[in-house]
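The structure appears below as structure tokens.
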Amino acid sequence: MSALLSIENLSAVSRRDGKPILRDVSLQVESGTIHGLVGESGAGKSTISKIVLGIVSGGVVVTAGRVMLDGKDLVQIPERDKRILIGSQLALIPQDPLTALNPGRHIGDQLTDSLRMWKGFNRKAAWARALELLDHVAIRDPARVMDQFPHHLSGGMRQRVLIAAAFAIEPKLLIADEPTTALDATVQKQVLQLLKRLQAEHGTSVVFVTHDLGVVAQICDDVTLLFQGKVMEQGTAATIFNAPRHAYTRALLAASPRYDNPAAGLNPIDDAVIAACYAQIQQFDGVQHG
Ligand SMILES: Nc1ncnc2c1ncn2[C@@H]1O[C@H](COP(=O)(O)OP(=O)(O)OP(=O)(O)O)[C@@H](O)[C@H]1O
């Protein structure tokens with residue numbers, strides 16, 4: 001297997017106060033696999049995704065590292081080349097489908113836009129392809145949905161539309177940013193199954209951003225676990241779940257809801273584990289600056 005996306009020693013700081021946001025993060029997303037980017041709030045998951053997608057805000061400064069997509073460094077290449085590379089090979093499934101869709105435009109127009117822009121379809125061909133895509137994500141009566149506005153659809157349907165839009169350009173890499181957080185448990189499971197099916201059919205590589213290890217267990221092949229912008233543990237999902245090495249991983253697992261045993265209680269993360277993580281980070285920062 002070869003890595004489609006290779007993040008190498010990526011570090012970033014806040015422009016305002018120089019505070020580290022990413023600390024020497026390296027990870028590889030192998031072709032045709034789903035890589036879970038996992039961590040609690042502030043771990044740096046969104047920052048990594050935004051750097052890959054070329055949409056990181058000016059408040060974040062990348063201070064070191066490379067982001068290699070298919071052999072090209074996204075941090076270094078000229079802006080125009082980057083836009084073309086990202087637009088044609090990357091797609092995003094966002095957390096909140098409602099804000100990601102334009103409320104004032106029909107679903108059909110929104111779906112055909114990227115097909116016309118990136119796949120060179122004419123209006124008629126794009127419309128036919130969009131109908132197929134909606135059918136493929138199990139939307140009933142796609143022709144009717146094409147003429148609807150986002151607010152006419154349920155949350156699960158909106159997320160299916162965005163999944164259809166993401167796969168429309170046949171991206172090599174898909175970034176799914178907590179795509180099921182806003183959905184209730186039953187719909188969440190259906191959307192995850194859909195994502196997994198399409199990913200396998202298309203051979204797409206996926207970075208799956210989540211704070212939820214239960215979701216990781218359902219669909220990820222590999223996992224990178226972050227704490228305060230530092231990789232705490234990395235490996236196959238099987239290793240992370242069956243033989244976690246880091247105390248933080250074990251604590252997070254114990255604190256996650258058990259889908260196979262919902263009656264089992266949750267164990268809050270021990271303060272001592274968090275203190276040890278901060279100590280590890282302080283030591284890392286000390287070595288960097290000392
Ligand atoms: N534009 C910015 N300017 C300065 N600091 C930022 C900026 N964006 C994010 N940060 C900081 O970077 C750190 C990581 O944030 P990030 O949003 O990447 O974490 P996350 O793991 O995605 O968390 P969440 O699950 O809450 O979205 C946080 O401390 C945050 O305050």
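Here are the criteria: (1) surrounded by 14 or more Cβ atoms within 10 Å (Cβ to Cβ); (2) touching a strand residue (DSSP E or B) at 6+ places or on another chain (Cβ under 9 Å); (3) not basic (Lys, Arg). Tell me which single one Ile55 does not satisfy.
Going through (1) surrounded by 14 or more Cβ atoms within 10 Å (Cβ to Cβ); (2) touching a strand residue (DSSP E or B) at 6+ places or on another chain (Cβ under 9 Å); (3) not basic (Lys, Arg) one by one, Ile55 breaks only (1).
Go through (1) modelled with pLDDT under 85; (2) surrounded by fewer than 18 Cβ atoms within 10 Å (Cβ to Cβ); (3) not aliphatic (A, V, I, L, M) one by one and return the number of the condition Pro97 breaks.
The number of the failed condition is (2).
I'd like the full set of residues that are among the β-branched types (Val, Ile, Thr), free of Cβ contacts under 8 Å to residues at least 40 places away in the same chain and in contact with a helix residue (DSSP H, G or I) (Cβ under 8 Å, 6 or more places away or on another chain), limited to segment 180-214. Break it down into steps so the answer makes sense when it comes.
At the first step, the residues of segment 180-214 found to be among the β-branched types (Val, Ile, Thr) are 180-181, 186-187, 191, 204, 206-207, 209-210.
Restricting the remaining residues to those that are free of Cβ contacts under 8 Å to residues at least 40 places away in the same chain gives 180, 186-187, 191.
Correct list: Thr180, Val187, Val191.
For residues that are of a type in the set (A, V, I, L, M, F, W, C), assigned to a strand (DSSP E or B) and touching a strand residue (DSSP E or B) at 6+ places or on another chain (Cβ under 8 Å), tally how many sit in segment 210-235. Outline the logic, then answer.
Here is the first cut: in segment 210-235, the ones of a type in the set (A, V, I, L, M, F, W, C) are 213, 215-217, 219-220, 223, 225-227, 231-232.
This time we only want the ones that are assigned to a strand (DSSP E or B), so: 223, 225-227, 231-232.
From the residues that got through so far, the ones that are touching a strand residue (DSSP E or B) at 6+ places or on another chain (Cβ under 8 Å) too are 223, 225-226, 231-232.
Of the residues in that region, 5 qualify.
Residue-by-condition table, conditions (1) assigned to a helix (DSSP H, G or I); (2) in contact with a strand residue (DSSP E or B) (Cβ under 9 Å, 6 or more places away or on another chain); (3) not hydroxyl-bearing (Ser, Thr, Tyr):
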site	(1), (2), (3)
Glu132	yes, no, yes
Ala143	yes, no, yes
Gln148	no, no, yes
His151	yes, no, yes
Met157	yes, no, yes
Ala165	yes, yes, yes
Thr181	no, yes, no
Arg197	yes, no, yes
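So which pairs qualify, if the first residue must be in segment 36-65 and over 22 Å from Gly235 (Cα atoms), the second must be near the ligand (Cβ under 6 Å from one of its atoms) and among the small types (Gly, Ala, Ser), the Cβ gap must be under 7 Å, and the two must be at least 6 apart or on different chains?
Gly59/Ser14; Val60/Ser14
Looking at segment 1-17, I want the residues that are free of Cβ contacts under 8 Å to residues at least 40 places away in the same chain and more than 30 Å from Gly32 (Cα to Cα) and have a partner that is part of a strand (DSSP E or B) and within 16 Å of the ligand (Cβ to nearest atom) with Cβ atoms under 6 Å, at least 6 apart or on another chain. Which pairs are those?
none
Closer than 29 Å to Lys189 by Cα, within 24 Å of the chain's Cα centre (by Cα) and not small (Gly, Ala, Ser): is that true of His106 in this structure?
Values: closer than 29 Å to Lys189 by Cα: yes; within 24 Å of the chain's Cα centre (by Cα): no; not small (Gly, Ala, Ser): yes.
Spelling it out, it is not the case that His106 is closer than 29 Å to Lys189 by Cα, within 24 Å of the chain's Cα centre (by Cα) and not small (Gly, Ala, Ser).
Listed here are the residues, each with its yes/no results for (1) out of contact with any Cys (no Cβ under 8 Å at 6 or more places or on another chain); (2) within 21 Å of Leu22 (Cα to Cα); (3) modelled with pLDDT under 85.
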{"site": "Gln228", "(1), (2), (3)": "no, yes, no"}
{"site": "Val231", "(1), (2), (3)": "yes, yes, no"}
{"site": "Phe241", "(1), (2), (3)": "yes, no, no"}
{"site": "Pro262", "(1), (2), (3)": "yes, no, yes"}
{"site": "Asn267", "(1), (2), (3)": "yes, no, yes"}
{"site": "Ala276", "(1), (2), (3)": "yes, yes, no"}
{"site": "Gln282", "(1), (2), (3)": "yes, yes, no"}
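The values are calculated or read from the model by the stated rules, or taken from the named source; none is laboratory data. This is a predicted model, so every value here is computed, not measured. FYI the Cβ positions are ideal-geometry reconstructions off the backbone, even for glycines, and counts take in every protein chain you see.
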